[in-house]
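Read through the structure below, which is laid out as structure tokens, and then see the notes.
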Amino acid sequence: MKEKKLFLEGRLVSARAIVFDKDGVLLDFPFFWEKMIDARIERVHRAFPLEEREKKELSRALGIEEKGVDPHGPLVMASKNESNTIIASFLYSRGVPWVKGREIGKEAILEAEKELSLKDLVLPTPRIAELFEKLKQAGWLLAIATTDDKKNTEELLDYMGIRETVSSVVGSDRVSKGKPHPEMILLACSELGVLPSEAVMVGDGVNDLLMGRNAGVAATVGVLTGVASRKELSVHADLILDCAGRLLEHCGPF
């Protein structure tokens, strides 16, 4: 497959593949996760009654502050297993045995996912479906690298109508090391049949961009539909966009 061109600020980058983070890139991060965390806490409450004050404390422990999602907190960076550990630690501090706390946390996470429908959780970022369709038509190889698991991610892609455009989905359940370690993107590139130097990483968080840098990608693109600021992303991004959909303006012509 011929290399494609990505037009960055003042330079032209050749690449064959684009690897996207999921939360904050394909979908609005706070909209999704604030609802999901509330649902998880309510299900913890069913198993071990919590006062309203304690619910707020657990929410903060999971990464949601009064002003919104903490861009440096566990909600942005932790896997499901790590989130479960936070719940278990919280319950343990209130007298719940560790193993029981782990069971409660695991069930709360699973039940919240089962009971909440994607239509209640998902707010796609602008032009994301159009972006994936046009990139695929133009011959780009596309992948997802996310701290969510593969099954949930594929269900989301199906719901958004873009599953067939994506050739590789790498979740935290498929690797032993999370972001910013490059294992996720290296696996994605291997499945796409490209070198990391032939790929572009698109993410809303510093760890996404660092993962790309650590893997040796051709370029990193930061988007502002997540929780990181332009200033935070600018240190590690070759290009910063308001949303991933605007990548269309840099990957032409179609």
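The values are calculated or read from the model by the stated rules, or taken from the named source; none is laboratory data. Everything numeric in this text was worked out from a predicted model, so none of it was measured. Note: ideal-geometry Cβ built from the backbone for every residue, glycine included; neighbour counts use all protein chains shown.
The residue that is farthest from the chain's Cα centre (by Cα), counting only those in the stretch 5-31 that are surrounded by 22 or more Cβ atoms within 10 Å (Cβ to Cβ) and under 21 Å from Leu195 (Cβ atoms), is Leu6. Would it be correct to say that Lys2 is more than 20 Å from the chain's Cα centre (by Cα) and within 23 Å of Cys243 (Cβ to Cβ)? Taking the combined requirement at face value, the residue does not satisfy it.
Each row is one residue, and each column tells you yes or no for (1) in a helix (DSSP H, G or I); (2) modelled with pLDDT of 95 or more; (3) surrounded by 18 or more Cβ atoms within 10 Å (Cβ to Cβ).
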| position | (1), (2), (3) |
| --- | --- |
| Val44 | yes, yes, yes |
| Lys55 | yes, yes, no |
| Ser59 | yes, yes, yes |
| Leu75 | yes, no, yes |
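Hey, any hits in the stretch 119-141 for a residue that's exposed (fewer than 15 other Cβ atoms within 10 Å of the Cβ), over 19 Å from Gly245 (Cβ atoms) and either at pLDDT 95 or above or of a type in the set (D, E, K, R) (or both)? Yes, the conditions are met somewhere in the stretch 119-141. Just one residue in the set Pro71, Pro49 is under 17 Å from the mean Cα position of the chain (by Cα), part of a loop (DSSP other than H, G, I, E, B) and not assigned by TED's automatic domain parsing to the domain that holds Asp23; that residue is Pro71. Check Thr85, Thr147 and return the single one that is among the polar types (S, T, N, Q) and not assigned by TED's automatic domain parsing to the domain that holds Val44. After applying the criteria, what remains is Thr147. Taking the conditions (1) closer than 23 Å to Phe7 by Cβ; (2) surrounded by 23 or more Cβ atoms within 10 Å (Cβ to Cβ) in turn, Val170 satisfies each one other than (1).
Quick check on the stretch 80-116: of everything there that is outside any helix (DSSP H, G or I) and modelled with pLDDT of 85 or more, which residue is surrounded by the most Cβ atoms within 10 Å (Cβ to Cβ)? I'd like the intermediate steps shown before the answer.
Initially, the stretch 80-116 is screened for residues outside any helix (DSSP H, G or I), giving 93-97, 116.
So of that shortlist, the ones also modelled with pLDDT of 85 or more come out as 93-97.
On the way: Ser93: 11, Arg94: 10, Gly95: 8, Val96: 19, Pro97: 11.
Among residues in the stretch 80-116 that are outside any helix (DSSP H, G or I) and modelled with pLDDT of 85 or more, the one surrounded by the most Cβ atoms within 10 Å (Cβ to Cβ) is Val96.
Of all the residues in the stretch 147-156, those that are part of a loop (DSSP other than H, G, I, E, B) and either buried (at least 24 other Cβ atoms within 10 Å of the Cβ) or aliphatic (A, V, I, L, M) (or both) number 1. Does Gly63 qualify as being of a type outside the set (Asp, Glu), buried (at least 19 other Cβ atoms within 10 Å of the Cβ) and under 20 Å from the mean Cα position of the chain (by Cα)? Answer is yes for this residue. Just give me the residues in the stretch 91-135 being touching a Lys or Arg at 6+ places or on another chain (Cβ under 6 Å) and within 16 Å of Val25 (Cβ to Cβ), in sequence order. Leu121 - this is the single residue of the stretch 91-135 that is touching a Lys or Arg at 6+ places or on another chain (Cβ under 6 Å) and within 16 Å of Val25 (Cβ to Cβ). Can you find a residue in the stretch 128-136 that is assigned to a helix (DSSP H, G or I), among the aromatic types (Phe, Trp, Tyr) and closer than 23 Å to Val206 by Cα? So far as the stretch 128-136 goes, yes, one or more of its residues are assigned to a helix (DSSP H, G or I), among the aromatic types (Phe, Trp, Tyr) and closer than 23 Å to Val206 by Cα.
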